[in-house]
Amino acid sequence: MFVNRHPVHISLKPLCLCVLQALACAANAAPADSAAAPLDPAGAPIAVVEVTGSGQSRQVQNVSRADLQQATPGTSPLKTLEKLPGVSFQSADPFGSYEWSTRFSIRGFNQNQLGFTLDDIPLGDMSYGNNNGLHISRAIASENIGRVVVSQGAGALGTASTSNLGGTVQFVTLGPANQRGVTAAQTLGSDDTARTFVRVDSGLLDSGTKFYLSGTRMRAEKWKGAGPQDQDQFNSRVEQQLGEHTLSAFFNWSDRREVDYQDLSLESAARLGMDWDNYYPDWQRAVNAAKGVYSGAVNSLDDAYYLGQGLREDKLAGVALELNLAPNLAAKLTGYHHGNEGQGHWYTPYTPTSAAVPISIRTTEYTISRNGVVADVTWESGMHTLNAGFWAERNKHVLTRNFYAVTDGHYIDHFLRDPMSTGFRQSFVTDTRQFYLQDTVALLDGRLKLNAGFKSPKVEIDAHTFSGDRADGSITAEKTFLPQLGATYQLAPGDELFASAAKTMRSYQPGVNGPFSQTRAGYALSIGELKPETSNTFDLGLRFKRDAVQGSIAVYYTDFKDRQLGIATCAGIVGCAGTIVNVGKVETRGLEALAVWKIDRGLSWFNTFTYNDSQYKSDYSDNGKLVAVSGKQVVDAPKKMFNTELAYEVNGLFARLGAKYTDKRYYTYTNDRSVPSFTVANLSAGYKLGNVAMLKELTAQVNVTNLFDKSYFGTIGSNGFSAADPQGTSMTLMSGAPRQVFFTLSGKL
């Protein structure tokens, strides 16, 4: 354990002044009677959402606005989900927003095999270097999210995703408030963190229009090493009542700059320490190392680099029309556009700029231009509820590897142009079509509900290589009939059984880790045998709700077929093309339990337990050598997780104290290497000061992450997973952030 690694030096005076100035400026735009109401679409007090997903035939949990509010402002909404059963979340930073390190999995399926949406709009698989979406932390500020719905098994048929072999996560925007108001929050904390959030709500106008505008500015330093973690965001949404119908539109923009933490291995962490990081801003030490002149305990080029960073700019916009066509007939039509430009910078000692400068900047450059439409219809007729829908998207994605000359170590905070050489350049056009149909039948006076349906996805990728030896051509993944069946039965008021079965498919991916990341020769050898991944998922469970207790318990089984594996031909950081092959089956069995006990009026106790046994069921061959993995545990899939949290709120005082236990995790397919189990605790506490002068709902809050300053490996697989690591030298681990403290003052006008 590291003790007092990063003392916190914070002055509350700048925090108070920043918030007061923001509120005072916004007051000129809002009348004095603008509201004291909460930011809620209906203008009503915010209620705690049903936790256990009552009425769903699948294992489902809801995360309420209250959970999101008491997290550290700026925390990724994904991190707030880690307390749910079946969910594992890891990151190297305290906010969970550093994307290179973010690892989110459900029931052993990683984020590349899950589905994510924001107001029905697909976010892709939220992987690093994403080709078909963006991280939720860039899509919208955490304060503007109203709730989150997590389905641990197969998601709803209507989810706009072709990657959800496992579960789905649906984020829902906190819509414009009915009353005018300004909300502002200022956060200061560890490692020079300063985050400002301001939101202006128009209130419901006479025309039936309401909208909000919000801006977010975050500046922070890394907790180890040096380099900024910066982000600017703008979010907006407008809603217009058209009689019984609603027209809405939104525009979100994000500009993010994040400097990387150095990847570690078990061996390098023991030799250099868990706090070891890259050389920046010591340019001369990096140059010396590139020439083979090491200092300290460093003994290789890969122990550290000068600097790495990710730059991302995103624009996400959409228009939705909700139609109430008849008392029993409703429809929704959503159109959207997503534009992205991104660059990953790595100061590589493997490609010199010149004889005098043995380092260059290698970039991985991305652009995305997605346009799509999502349509849904619901018709209630007697005991039947029919749902049907369609999703169509065209995505143009360009992936480039460039090298840029560098002369010194000054920090670069912009996109680079005019490279000195290009390693490869590829473009992809991906057309997605998906249709679904479902009927839900209510029997026995509604106590028994049966649902049956299917979806039909088709994803076509056309790839063209302009430079380099990466593969090009066309590939299609489609299934005409992917069924889903489910049932719920109400045993008594508050108690219900649920069961579901579903078959799903993951489409091929363009770009990174997809079939076209192979060489042309490798692609020609593998394409004839390559199949899209599929899974069959079965859930059985019980939900219960009493006056003081609610919860659920579920068992599940998943049969995952045609697992795809990229077999690397060089070190991950070098980034050369590999081979993509199907390597057989994975079987998962597990149990999830959740219980919330309201001990007293202001005191509740939340607990979840997960047991997940995910095993490979097929050996595979790597260049003619048998890799014996059958019966081994799936990498980065802890067998046991336990979360406990006490929440208290009385007379304006609130506090949450929680802890999460994560079992050991393997990072090699043969299970010869793992990282140990760990428990991390977090604290959130504050006081609602109420109305102070012209300020309304003034609240002071403190958040302490990693309360007991636990030293542990958070992210594993940052540079992928390997068959074995006998010497413990695989540079694919990242240490978790130490204790961090943040203070927030928020209020309204």
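Each value in this text was obtained by applying a stated rule to the coordinates, not by laboratory testing. As the structure is a prediction and not an experimental result, all values here were calculated from the model. Note: ideal-geometry Cβ built from the backbone for every residue, glycine included; neighbour counts use all protein chains shown.
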In the range 420-505, the chymotrypsin sites (Phe, Trp or Tyr not before Pro) that fall in loop regions by DSSP, at most 14 other Cβ within 10 Å: 481
For residue 477, net neighbour charge (Lys/Arg +1, Asp/Glu -1) across residues whose Cβ lies under 12 Å away: 0
About the Cα centre of the chain, how large is the charge dipole given +1 on each Lys and Arg Cβ and -1 on each Asp and Glu Cβ? Please answer in debye to the nearest 20. 660
Test of understanding: ordering 276, 283, 223, 597 by Cβ neighbours within 10 Å, fewest first, what list do you get? 597, 283, 276, 223
Once you have a ≥ b ≥ c as the square roots of the Cα gyration tensor eigenvalues for the range 151-246, tell me rounded if a/c is under 1.5, and otherwise prolate or oblate according to whether a/b is larger than b/c. oblate
Once Lys and Arg are counted +1 and Asp and Glu -1 for all other residues with Cβ under 13 Å from that of residue 285, the total becomes -2
What whole-number distance in Å separates the alpha-carbon centres of the range 486-548 and the range 340-411? 24
Selection of GluC sites (Glu not before Pro), the range 467-550, meeting DSSP coil and at most 12 other Cβ within 10 Å: 529
Hey, rough spin-label estimate for residue 433 and residue 251, points 7 angstrom out along Cα→Cβ, what's it come to in nanometres? 3.3
Estimated FRET transfer efficiency (residue 333, residue 481; beta-carbon r; R0 22 Å; 0.05): 0.30
Arranged by the count of other C-beta atoms within 10 angstrom, fewest first, what order do 72, 480, 80, 422 take? 480, 422, 80, 72
Just tell me which lysines come within less than 27 Å, Cα to Cα, of residue 79; anything on the same chain fewer than 8 places away is out. 222, 224, 315, 545, 598, 639, 640, 660, 664, 688, 710, 748
Based on the alpha-carbon gyration tensor of the range 678-749 and its eigenvalue square roots a ≥ b ≥ c, which shape applies: rounded if a/c is under 1.5, prolate if not and a/b is larger than b/c, or oblate? prolate
In deg cm²/dmol and to the nearest 500, what is the mean residue ellipticity at 222 nm of the chain if only DSSP H runs of at least 4 residues count, each as -39500 (n - 2.57), divided by the residue total? -2000 deg cm²/dmol
Can you work out the PRE-style zone for residue 605? Point 7 Å along Cα to Cβ, and I want the residues of the range 642-681 with backbone N under 15 Å. 643-648, 657-659
At 37 °C and a viscosity of 0.692 mPa s, what translational diffusion coefficient does Stokes-Einstein give for the range 204-254, taking Rh as the Kirkwood radius over Cα pairs? Give it in µm²/s as a whole number. 242
Taking a ≥ b ≥ c as the square roots of the eigenvalues of the Cα gyration tensor, with a/c under 1.5 meaning rounded and otherwise prolate when a/b exceeds b/c and oblate if not, the range 119-201 is oblate
Per 0.36 nm of contour for each residue apart, how much would the distance between residue 267 and residue 226 grow if the chain were fully extended, relative to their Cα-Cα spacing? 12.5 nm
State to the nearest 20 debye the size of the charge dipole of the range 464-549 about its Cα centre, where the only charges are +1 on K and R beta carbons and -1 on D and E beta carbons. 20
Over the Cα atoms of the range 597-715, Rg to Rh with Kirkwood Rh, two decimal places? 1.22
Using a Förster radius of 60 Å, what is the FRET efficiency between residue 597 and residue 414 based on their Cβ-Cβ separation? Nearest 0.05, please. 0.70
Using the Karplus equation 6.51 cos²θ - 1.76 cosθ + 1.60 (θ = phi - 60°), what ³J(HN,Hα) coupling, rounded to whole Hz, does each residue of the range 463-468 give in order, writing x for Gly and Pro? 10, 9, 9, 8, 8, x
How big is the chain along each principal axis, measuring the range of its Cα positions in Å and listing the largest first? 72, 61, 46
Could you go through the range 511-521 in sequence order and give the Karplus-derived ³J(HN,Hα) for each residue, using 6.51 cos²θ - 1.76 cosθ + 1.60 with θ = phi - 60°, rounded to whole Hz, and x for Gly and Pro? x, 4, 6, x, x, 8, 8, 7, 6, 4, 5
Would you kindly derive the ³J(HN,Hα) couplings of the range 736-749 from the backbone phi angles with the Karplus curve 6.51 cos²θ - 1.76 cosθ + 1.60 (θ = phi - 60°), listing them in order in whole Hz, with x for Gly and Pro? x, 5, x, 4, 10, 10, 9, 10, 10, 10, 9, x, 9, 10
For the range 386-435, report the translational diffusion coefficient in µm²/s to the nearest whole number, using Stokes-Einstein at 37 °C, 0.692 mPa s, and a Kirkwood Rh over Cα pairs. 222
What number, in percent, do you get for the relative contact order of the range 42-195 if the mean sequence gap of Cα pairs under 8 Å and at least 6 apart is divided by its residue count? 23
Evaluate the relative contact order of the chain (contact order divided by residue number), counting alpha-carbon pairs under 8 angstrom at least 6 apart; express in whole percent. 12
